[in-house]
C-alpha cells in the first residue's frame, strides 16, 4: 500500500501577512502539521523557503492564481513526476499542477469563480466542467483538490453559503438557478466519473472560508482509502481567508 498525508489550502497571496515574522509563523504552523505534501492555491513564487523542511516541487506562475505543491524534504525521493498546464478559461487564466508521489497522482487546481468572476456566470456557466474534464484527461489523477469556488448544488452547505451572498440574493429566480449551475460546476462531473468528495461521509463540515462557505474540496477515486479528515483553522490567526483541509489517503497496490 502507498499512503500520503495531504494539506490543501488557499493562502490568499499572503495578503494578510504584514511582515516577514508573520510569514515565518505561518510557515511554522504548516510545518508542524507534518504532511507529506502541501498543496497551495494563490501561492507566490516570490516567497522562497518559507515552509521549513519543505521544497516547492512544482508551481505554475501567474499574477492571479499560482498553484503549487510543496514536498517534505525527507520525502522527496518519492516524487516521480511533476507537471503544470493551463486550463480552459474565460477571464483570468486558471491552471493545474500535479505530482506523481508514490504512484499516487495528485492534481492541485483553482477553478474559475469568486467575487470577481461570479458576475460573468451567464457566459461562464460550463467553464468549471471544462476545467475538471481537462484535468482528468491530461493526468487521470487519483486525487483532485483545491479551491473550487463553489460546492455541490444539493447540500445544506450551498444553501447556507448562498443565503449569505449578496450577489446571489440580488438575482431573480431564473438567474439564481443558472448561478447555482455555475457555482456547483465540476462537482457532478467528478461524481459521474467515479470520484468521491471527502466531505461525503460527514454530516457536518466546518466552513472553510471567511464567507461561511465551503469552496475547498478534495476528490478521490473510489479505490482510494481516506482517513483522518481534519479542517485546519488558518483564519483565526489572520494568515489567510481560507481554512485548510488535511486527509491521509491510502492506495492499495
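Here the helices (runs of 4 or more DSSP H) wholly within region 159-201 that include at least 3 residues being within 24 Å of residue 131 (Cα to Cα) are 173-183, 187-192. In region 29-46, the qualifying residues are those that are part of a loop (DSSP other than H, G, I, E, B) and in contact with a strand residue (DSSP E or B) (Cβ under 9 Å, 6 or more places away or on another chain), and the one that is nearest to residue 105 (Cα to Cα) is 36. In region 136-148, the condition of being surrounded by fewer than 19 Cβ atoms within 10 Å (Cβ to Cβ), at pLDDT below 95 and part of a helix (DSSP H, G or I) is met by no residue.
Whether any residue in region 105-115 is surrounded by 17 or more Cβ atoms within 10 Å (Cβ to Cβ) and over 16 Å from the mean Cα position of the chain (by Cα) is what I want to check. No: region 105-115 contains no residue that is surrounded by 17 or more Cβ atoms within 10 Å (Cβ to Cβ) and over 16 Å from the mean Cα position of the chain (by Cα). Here 26, 13, 85 are screened, and the one residue that is closer than 30 Å to residue 133 by Cβ and assigned to a helix (DSSP H, G or I) is 13. Only residues that are under 15 Å from the mean Cα position of the chain (by Cα), part of a loop (DSSP other than H, G, I, E, B) and touching a residue at least 40 places away in the same chain (Cβ under 8 Å) were counted in region 208-234, giving 4.
Here is a yes/no grid of residues against (1) under 17 Å from the mean Cα position of the chain (by Cα); (2) in contact (Cβ under 8 Å) with a residue 60 or more places away in the chain; (3) within 26 Å of residue 227 (Cβ to Cβ); (4) surrounded by 13 or more Cβ atoms within 10 Å (Cβ to Cβ):
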| site | (1), (2), (3), (4) |
| --- | --- |
| 151 | yes, yes, yes, yes |
| 155 | no, no, yes, yes |
| 160 | no, no, no, yes |
| 172 | no, no, no, no |
| 175 | no, no, no, yes |
| 179 | no, yes, no, yes |
| 183 | yes, yes, no, yes |
| 194 | no, no, yes, no |
| 204 | no, no, yes, no |
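Candidates are the residues of region 241-253 that are assigned to a loop (DSSP other than H, G, I, E, B) and modelled with pLDDT under 95; the one that is nearest to the chain's Cα centre (by Cα) is 252.
The values are calculated or read from the model by the stated rules, or taken from the named source; none is laboratory data. Here the structure is a predicted model, which is why all the values come from computation and not from measurement. Reconstructed Cβ throughout: ideal geometry from the backbone, glycine too, with neighbour counts over all protein chains shown.
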